[in-house]
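Worksheet: the structure to be examined is printed underneath.
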Amino acid sequence: MKADFNFPHKEMALDFINFCNKEKTGCVLAGGYLRDIVLDKPYKDLDFFLHVRTESPYLFEEGILEFLKFDYDKDTVKDSGEMYGGNFNLKVEKDGITYNFIQIYMEPSNYVQRNFDYSINQIFFDGSLKKSRAFLDTLKSKQVKAIMNTQNVERLNYLKSKFPDYVFPEIEVFKESDYMLSLAKKAIKRPGASYEATVTLSQTALNNMLQAQAEQMQLYNQ
């Protein structure tokens, strides 16, 4: 993957990043779109992450729509109050393409490496293609590492279904923990249920989750 790596919306991405730079706003195209292109999967939408500074607040909404030549008769835009990972997100659909513009509060390259949940997502474009060490390790080992502590089983299963050739160690642990928690819930409902037994089942599920997270952090730091 060289710096001149090409992808379908590269020209638009370059123009938008340059537009942001003129407004003193850091910007990267990051995450699933580039991941899917690199791994030869169908992509869904484009996610731009913007470090919007106070001296150019208009950029986050008015400036973006102006850049896209937004047509209110044909295009659609969702309220920027929609949240994306706790950050404000402007979602624009134009010419059959969905763009997400996410406002963040740190330099975008740092945000990708510190806040993207799984190693397979840690790739971004800021004028050239950049990959974190965790992303490169994932391509080599075929093992996806958890960068942040997360218990989103639905998201894990989505990624696993999209990338069946990759190993996701957390999935089986989550399944086991879910099973233990279901046993604990059933125990609580039984007449004369033992409080001690219920606590033990719950603690076992929690210990399994903590152990999985510790193992993931150990793998990441190797």
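Evaluated at 20 °C with a viscosity of 1.002 mPa s, what Stokes-Einstein diffusion coefficient in µm²/s does region 1-64 have when Rh comes from the Kirkwood expression over alpha-carbon pairs?
Translational D for this selection: 168 µm²/s.
How long are the three semi-axes of the equivalent ellipsoid for region 1-156, computed from the Cα gyration tensor as the root of 5 times each eigenvalue, in whole Å, largest first?
Semi-axes from the Cα gyration tensor: 25, 17, 16 Å.
Give the peptides 93-100, 71-78 in descending order of average Cβ contacts within 10 Å, highest first.
By packing density, highest mean first, the sequence is 93-100, 71-78.
Tell me the net charge near ARG53. Cut-off is 12 Å between Cβ atoms, ARG53 excluded, with +1 for each Lys or Arg and -1 for each Asp or Glu.
-2
Report, by chain and number, residues whose modeled amide H sits under 5 Å from the one on THR98, excluding near sequence neighbours (fewer than 5 apart, same chain).
Result for THR98 returns LEU46.
Between ILE123 and residues 5 or more places away or on another chain, which pairs have amide H atoms under 5 Å apart, with H built 1.01 Å from N, and which residues are they?
GLY31
Loop only by DSSP, 13 or fewer other Cβ within 10 Å of the Cβ. Give me the GluC sites (Glu not before Pro) in region 48-81 that pass, ordered by residue number.
GLU55
Determine ³J(HN,Hα), in whole Hz, for all residues of region 27-32 in sequence, where each value follows from phi through the Karplus function 6.51 cos²θ - 1.76 cosθ + 1.60 and θ = phi - 60°; x replaces Gly and Pro.
Using θ = phi - 60°, the values come out as 8, 9, 8, 8, x, x Hz.
Using a 7 Å offset from the Cα along the Cα-to-Cβ direction at both ARG53 and LEU139, what is the distance between the two label points in nm, to one decimal?
Placing both labels 7 Å along Cα→Cβ, they lie 3.2 nm apart.
Lys and Arg at +1, Asp and Glu at -1: add these up for the other residues within a Cβ distance under 11 Å of VAL28 and post the number.
So the environment of VAL28 carries a net charge of -2.
Simple spin-label model, 7 Å along Cα-to-Cβ: LYS78 to MET148 in nm?
About 1.8 nm separates the two model spin labels.
What order do you get for 123-136, 11-24 when each peptide is scored by the mean count of other beta carbon atoms within 10 Å, highest first?
123-136, 11-24
Near ASP75, within a Cβ-to-Cβ distance under 15 Å, what is the net charge of the other residues, with Lys and Arg +1 and Asp and Glu -1?
It works out to a net charge of -4.
Where in region 116-155 is the amide nitrogen less than 12 Å from a point lying 7 Å along the Cα-to-Cβ axis of LYS10?
Taking a point 7 Å out along Cα→Cβ of LYS10, the residues of region 116-155 whose backbone N falls under 12 Å are 127-129.
How far apart, in nanometres, would the label points at ASN21 and ASN110 be if each is projected 7 angstrom from Cα along the Cα-to-Cβ direction?
2.0
Computed from the coordinates by the stated procedures, all read-outs in this text should not be read as laboratory data. The structure presented is a predicted model; accordingly, all values stated were derived computationally and were not measured. Positions of Cβ are generated from backbone atoms using ideal geometry, with glycine treated the same way; all protein chains shown enter the neighbour counts.
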